[in-house]
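The values are calculated or read from the model by the stated rules, or taken from the named source; none is laboratory data. Source: prediction; values computed, not measured. Methodologically, a virtual Cβ is constructed for each residue, glycine included, from the backbone with ideal geometry; neighbour enumeration extends over all protein chains shown. All accessible areas refer to the heavy atoms of the entire protein, side chains included, with ligands and DNA or RNA removed. Shrake-Rupley method; radii C 1.70, N 1.55, O 1.52, S 1.80 Å.
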Amino acid sequence: CCPQRAFEELHVEFTDRADFVMAYIEEAHAMDEWPVPSGRYNHGRGAVRVTQPKTLDERRQLARQFAEDFGVTMRMLVEDPATLAFEKAYAPWPLRFYVIAADGRLVLIAEPKNCTFSVADLRDFLLAHTGAGAQPSSMDV
């Protein structure tokens, strides 16, 4: 399962108990910076071939295309390439997820395990902190 789909499933499951926001940051495999073709989760369309956006409008365009290509319905914030403020503050590259409590405290920062992230761990955390009683999942990204 691709990571976007796993997160989207959590978004749907917890939509009435948690706000999900995706932060669209720097391109991981931009052809002009790190030309490592990656099509692993690209629905059979081959390698993603994009350059690193230099302007916020360029990055917004790529974010819109990403959301359309991968069926992302959650709210998406787009990192301004001029400041990279989110990236500097949270070090999310290439993939990271966080849980921020209603009072603004950062209560979970996901760390990779064996070069992957467990969406099941995030789901279990959300279940424990939202009072839901569903069974834990086993999805990894």
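Taking the criterion of being at pLDDT below 90 and loosely packed, with under 12 Cβ neighbours inside 10 Å, would at least one residue in segment 46-57 satisfy it? Scanning segment 46-57, I find at least one residue that is at pLDDT below 90 and loosely packed, with under 12 Cβ neighbours inside 10 Å, so the answer is yes.
Here the condition is being out of contact with any strand residue (DSSP E or B) (no Cβ under 9 Å at 6 or more places or on another chain) and either modelled with pLDDT of 85 or more or surrounded by fewer than 14 Cβ atoms within 10 Å (Cβ to Cβ) (or both); of Lys88, Lys113, it holds for Lys88 alone. If we scan segment 95-105, do we find a residue that is in contact (Cβ under 8 Å) with a residue 60 or more places away in the chain and open to solvent by 40 Å² or more (accessible area, probe 1.4 Å)? Checked against the condition, which is being in contact (Cβ under 8 Å) with a residue 60 or more places away in the chain and open to solvent by 40 Å² or more (accessible area, probe 1.4 Å), segment 95-105 yields at least one hit. Note on segment 74-90: among residues that are under 13 Å from the mean Cα position of the chain (by Cα) and aliphatic (A, V, I, L, M), the one that is farthest from Glu9 (Cα to Cα) is Val78. Can you work out which of the residues in segment 106-130 that are in contact (Cβ under 8 Å) with a residue 12 or more places away in the chain and of a type in the set (D, E, K, R) is farthest from Pro53 (Cα to Cα)? Step by step, filter segment 106-130, then rank; the result is Asp124. Among the residues of segment 63-75, not a single one is at pLDDT below 90, part of a strand (DSSP E or B) and not polar (S, T, N, Q).
Cβ separations smaller than 7 Å between residues 6+ apart or across chains give the following pairs from segment 1-30 residues that are touching a residue at least 24 places away in the same chain (Cβ under 8 Å) and assigned to a strand (DSSP E or B) to residues that are among the charged types (D, E, K, R) and surrounded by fewer than 17 Cβ atoms within 10 Å (Cβ to Cβ): Val21/Arg75. Taking segment 116-125, which residues are among the β-branched types (Val, Ile, Thr) and either part of a helix (DSSP H, G or I) or open to solvent by 70 Å² or more (accessible area, probe 1.4 Å) (or both)? Selection gives Val119 alone. Within segment 76-85, the residues that satisfy the criterion of being in a loop (DSSP other than H, G, I, E, B) and exposed (fewer than 12 other Cβ atoms within 10 Å of the Cβ) are Ala82, Thr83. Taking every residue in segment 63-86 that is within 17 Å of Ala30 (Cβ to Cβ) and in contact (Cβ under 8 Å) with a residue 12 or more places away in the chain and pairing it with any residue that is open to solvent by less than 70 Å² (accessible area, probe 1.4 Å) and of a type in the set (Lys, Arg), at least 6 positions away or on another chain, the pairs with Cβ-Cβ distances below 6 Å are Val78/Arg59; Pro81/Arg59.
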